[in-house]
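First up is the structure itself, then whatever we jot down about it.
Throughout, read-outs are computed from the coordinates displayed, never taken from laboratory work. Not measured: the values here are computed from a predicted model. Reconstructed Cβ throughout: ideal geometry from the backbone, glycine too, with neighbour counts over all protein chains shown.
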Amino acid sequence: MAAGQSNLAARAQTTDARLAGMTLPRGAFTRNARREALQRFTKMGVPMRRDEYWRWSDPAAFVTVSPGAAAAFRVDMPIFSDREKLRLIFTDGVFDAENSDDPTLAGVEIARLSEADEADIHWAKPYYGALEAAGHVPVARPLAALNTAAAREGVLIRVTGKADRPVHISYRQASETSDVTLHHCIRLEEGAELTLLETGTPGARANVVMEVDVAENARFHHIRPQGRALERSLLTHLFTRLAGGALFKSFTLTANGRLTRNEAVIDIAGDGATAHIAGATLGDGADGDFHHDDMVFITHDAVGCESRQVFKKVLKNGAQGVFQGKILVKPGAQKTDGYQISQALLLDDDSQFLAKPELEIYADDVICSHGSTTGAIDETALFYLRSRGIPREDATALLIVSFLADAIAEIEDEVLAADVVARLESWLARRKK
Amino acid sequence: MLNINNLHVKLEEEDKPILKGVNLSVEAGSVHAIMGPNGSGKSTMSYVLSGRDGYAVTEGTATLDGADLLAMEPEERAAAGLFLAFQYPVEIPGVGNMTFLRTALNAQRKARGKPEVSAGEFLKLVREKAKSLQIDAEMLKRPVNVGFSGGEKKRNEILQMAVLEPRMCVLDETDSGLDVDAMRLVADGVNALRDAGRSFLVITHYQRLLDHIRPDVVHIMADGRIITSGGPELALEVEKNGYADLLAEVA
Ligand SMILES: Nc1ncnc2c1ncn2[C@@H]1O[C@H](COP(=O)(O)OP(=O)(O)OP(=O)(O)O)[C@@H](O)[C@H]1O
Ligand SMILES: [Mg+2]
């Protein structure tokens with residue numbers, strides 16, 4: 001009891017301290033959403049290590065008033081640089097108009113949150129903060145609520161047609177102490193289609209929320225290589241809701257980063273919808289601490305829907321990987337096809353993978369499966385490759401790429417997938433002894 | 001070309017001797033066959049020659065053109081010209097057959113100080129070799145050996161050999177599991193590579209392969225040793241009478 005009270009007091013105190021260090025925007029069309037989000041945050045309080053879903057990752061880095069210093073990554077060759085796209089650049093969370101592309105794209109309305117939020121009326125009004133507010137299942141996600149209350153910048157994208165090139169949100173970190181909060185809000189109208197690329201390191205510390213509302217038969221593709229800065233701390237929330245026949249596909253590549261926590265909350269609300277979420281992670285503790293945590297919650301609340309989670313982590317030199325993934329099939333969500341796999345390839349004994357797969361099913365006519373494995377490089381395969389003349393390091397790299405292949409296969413566009421493979425091959429090549 | 005001298009090998013993990021003094025020498029341009037009862041150590045010898053982990057050489061030497069094979073990494077042995085067609089080829093999901101072969105070929109060329117072959121040249125080379133082994137283009141696109149039938153895997157081994165052009169080819173039961181036509185294809189593949197500068201060590205249980213690939217010398221291995229050697233007639237004798245008489249002779 002006494003311990004419980006002091007825990008409560010500690011949470012309240014840390015929550016107050018976190019808020020005291022911030023000035024919150026008033027907002028115009030977002031004003032109500034922000035006020036309610038602030039109330040949610042204050043009520044939930046900051047996350048703490050003893051919270052069930054923070055057991056394996058320390059939230060302290062996201063909760064402290066100011067971030068620790070984190071060196072920026074020297075960007076050599078940005079990924080997807082050869083591809084046609086509409087680029088929106090944020091440096092340390094600040095929009096860089098000069099280097100960004102003109103945001104005109106047929107069938108797509110693009111606005112910046114900071115500018116749009118001077119008006120009281122906006123298409124995004126019913127969407128801003130709505131999926132976040134609904135997304136505190138099965139656990140509270142207080143830092144997402146804080147983001148809704150505090151974000152000044154981000155993009156608002158409304159898609160009414162089929163975008164003929166991807167929109168590319170490109171992050172850059174310039175300052176070693178930048179503390180970034182970005183909130184993106186995306187709405188795909190019926191039958192619309194968009195590919196969104198999200199790349200780079202947003203800041204030394206970043207809290208990024210993306211809400212994606214996908215209407216009937218619309219298709220959303222999301223490819224997110226998370227930047228290569230070594231010391232940054234990154235917290236992302238992806239909230240999505242799918243209407244009937246909609247498609248949502250999200251792929252994340254994480255190589256480097258001291259602390260990464262990627263949360264995804266997917267609500268499959270319309271019949272015949274499809275949601276795939278995948279992640280490929282490469283962590284080398286020799287570059288500094290590496291801790292990577294994926295947390296996925298998928299709710300099936302409609303008939304005949306498919307969901308697929310494919311998460312693969314390659315860990316070495318004390319790198320840590322966590323996967324927490326849950327599929328909830330609500331009563332009546334018959335003919336659900338739910339699949340979840342999380343796998344780690346540990347390149348040495350120092351690295352660690354922790355997984356918590358969960359299924360909760362309240363319908364009887366469903367197919368749901370989940371699996372989690374942890375393994376080392378297959379010595380027989382390694383010998384086979386070497387016996388053909390491929391040196392050990394190259395053979396290992398081939399086997400790593402092969403291990404990640406199922407996750408990369410979730411990228412539908414073959415050209416973009418090839419760019420992702422090239423990125424991870426160069427990561428591997430740089431680490432050859 | 002290949003010289004094995006008094007080779008003793010045991011398992012690394014336990015004190016179980018497997019090879020107990022193998023002596024064998026294969027001259028350039030010749031084809032030697034090894035036959036012998038199950039468990040006599042034939043595959044072990046092929047693995048030790050190609051550098052697989054898990055075995056400890058306790059005595060003896062193995063050299064390829066005078067170079068100490070046992071001191072080299074597996075990839076160095078390959079670059080030196082040694083090739084092992086596996087008794088059980090390994091499946092590698094996620095790595096395309098073509099990527100694998102091209103990486104292997106270029107790695108070997110690099111190790112020998114030769115320029116890499118371009119994607120175009122490589123494609124042409126593989127298509128040509130694949131055609132003669134009746135390996136279709138669809139198979140080449142698939143991940144290495146994944147979903148291949150037993151016979152397809154063996155033909156894929158010979159394709160790799162044909163592309164990599166090693167000088168010392170060790171074939172471990174490449175004939176087992178092959179139908180009559182596939183056996184002929186494999187034999188033709190081997191015969192096409194026969195050359196004054198290239199040698200073969202063919203491990204087999206059956207005379208039939210040796211009808212197609214005429215060996216110069218046949219060795220019988222039993223209990224970790226070569227117990228007798230002779231001409232092609234030795235294989236015929238084994239086919240007819242089994243190993244009992246040969247084993248009795250040395251006992
Ligand atoms: N890694 C291992 N662990 C345990 N025993 C082994 C291992 N490798 C080989 N052996 C043993 O060594 C002996 C020789 O095996 P090997 O595979 O070399 O025989 P072989 O002559 O190729 O037989 P086959 O004709 O059946 O292919 C066998 O008794 C086998 O069980
Ligand atoms: Mg054998």
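Just one of the listed residues (B:Phe122, B:Phe100) is aromatic (Phe, Trp, Tyr) and under 20 Å from A:Phe383 (Cα atoms), namely B:Phe100. Note on the range B:1-113: enclosed helices (runs of 4 or more DSSP H) holding 2 or more residues that are within 16 Å of ligand 1 (Cβ to nearest atom) are B:42-50. Run B:Thr44 past the list (1) more than 16 Å from ligand 2 (Cβ to nearest atom); (2) β-branched (Val, Ile, Thr); (3) closer than 24 Å to B:Gln207 by Cβ and report the number of the one that doesn't hold. All conditions are met except number (1). When B:Ala78 is tested against (1) farther than 22 Å from B:Val186 by Cα; (2) away from ligand 2 (no atom under 16 Å from the Cβ), only condition (1) is not met.
Answer yes or no as to whether B:Tyr88 is within 15 Å of ligand 2 (Cβ to nearest atom), surrounded by fewer than 19 Cβ atoms within 10 Å (Cβ to Cβ) and of a type in the set (Ser, Thr, Tyr). The answer is yes for B:Tyr88. Looking at this structure, is B:Gly81 on the phi > 0 side of the Ramachandran plot, more than 9 Å from every other protein chain (Cβ to nearest Cβ) and buried (at least 17 other Cβ atoms within 10 Å of the Cβ)? When the stated conditions are applied, B:Gly81 passes them.
Take the range A:138-175 and flag every residue that is buried (at least 21 other Cβ atoms within 10 Å of the Cβ) and part of a strand (DSSP E or B). Of everything in the range A:138-175, those that are buried (at least 21 other Cβ atoms within 10 Å of the Cβ) and part of a strand (DSSP E or B) turn out to be A:Val155, A:Leu156, A:Ile157, A:Arg158, A:Val159, A:Val167, A:His168, A:Ile169, A:Ser170, A:Tyr171, A:Arg172. Criterion applied to B:Ile203, B:Ile220, B:Ile226 was being crowded, with 22+ Cβ neighbours inside 10 Å and over 25 Å from B:Pro89 (Cβ atoms), and the one residue passing it is B:Ile220. Residues in the range B:145-177 that are touching a residue at least 60 places away in the same chain (Cβ under 8 Å) and within 16 Å of ligand 1 (Cβ to nearest atom): 9 in all. Pairs are defined by a Cβ separation below 6 Å, a sequence spacing of at least 6 or placement on different chains, a first member in the range B:35-54 that is at positive phi and of a type in the set (Ser, Thr, Tyr), and a second member that is within 13 Å of ligand 2 (Cβ to nearest atom) and part of a helix (DSSP H, G or I); no pair meets this definition. Among the residues of the range A:115-130, those identified as farther than 18 Å from A:Leu238 by Cα and outside any helix (DSSP H, G or I) are A:Asp117, A:Glu118, A:Ala119, A:Asp120, A:Ile121, A:His122, A:Trp123, A:Lys125.
Listed by first and then second residue, the pairs with beta-carbon distance under 7 Å, at least 6 apart or on different chains, first residue in the range B:14-33 and within 14 Å of chain A (Cβ to nearest Cβ), second within 14 Å of ligand 1 (Cβ to nearest atom), form an empty list. Checked against (1) crowded, with 21+ Cβ neighbours inside 10 Å; (2) within 16 Å of ligand 2 (Cβ to nearest atom), B:Asn97 passes all but a single condition, namely (2). Note on the range A:1-48: residues that are exposed (fewer than 12 other Cβ atoms within 10 Å of the Cβ) and of a type in the set (Lys, Arg) total 2. Restricting attention to the range A:258-282, the residues being over 22 Å from A:Pro47 (Cβ atoms) and in a strand (DSSP E or B) number 7. Hey, does the range B:229-238 have a residue that's within 16 Å of ligand 1 (Cβ to nearest atom) and more than 14 Å from every other protein chain (Cβ to nearest Cβ)? Among the residues of the range B:229-238, at least one is within 16 Å of ligand 1 (Cβ to nearest atom) and more than 14 Å from every other protein chain (Cβ to nearest Cβ), which makes the answer yes.
Determine which single condition B:Ala71 fails, assuming it passes every other condition in (1) touching a residue at least 12 places away in the same chain (Cβ under 8 Å); (2) more than 13 Å from chain A (Cβ to nearest Cβ). So the condition that B:Ala71 fails would be (1). Of everything in the range A:56-97 that is part of a helix (DSSP H, G or I) and of a type in the set (Gly, Ala, Ser), the residue that is surrounded by the fewest Cβ atoms within 10 Å (Cβ to Cβ) is A:Ala60.
Can you name every residue in the range B:47-65 that is within 14 Å of chain A (Cβ to nearest Cβ), of a type in the set (D, E, K, R) and away from ligand 2 (no atom under 16 Å from the Cβ)? Of everything in the range B:47-65, just one residue is within 14 Å of chain A (Cβ to nearest Cβ), of a type in the set (D, E, K, R) and away from ligand 2 (no atom under 16 Å from the Cβ), namely B:Asp53. Scanning the range B:185-208 for residues that are within 16 Å of ligand 1 (Cβ to nearest atom) and in contact (Cβ under 8 Å) with a residue 60 or more places away in the chain yields a total of 5.
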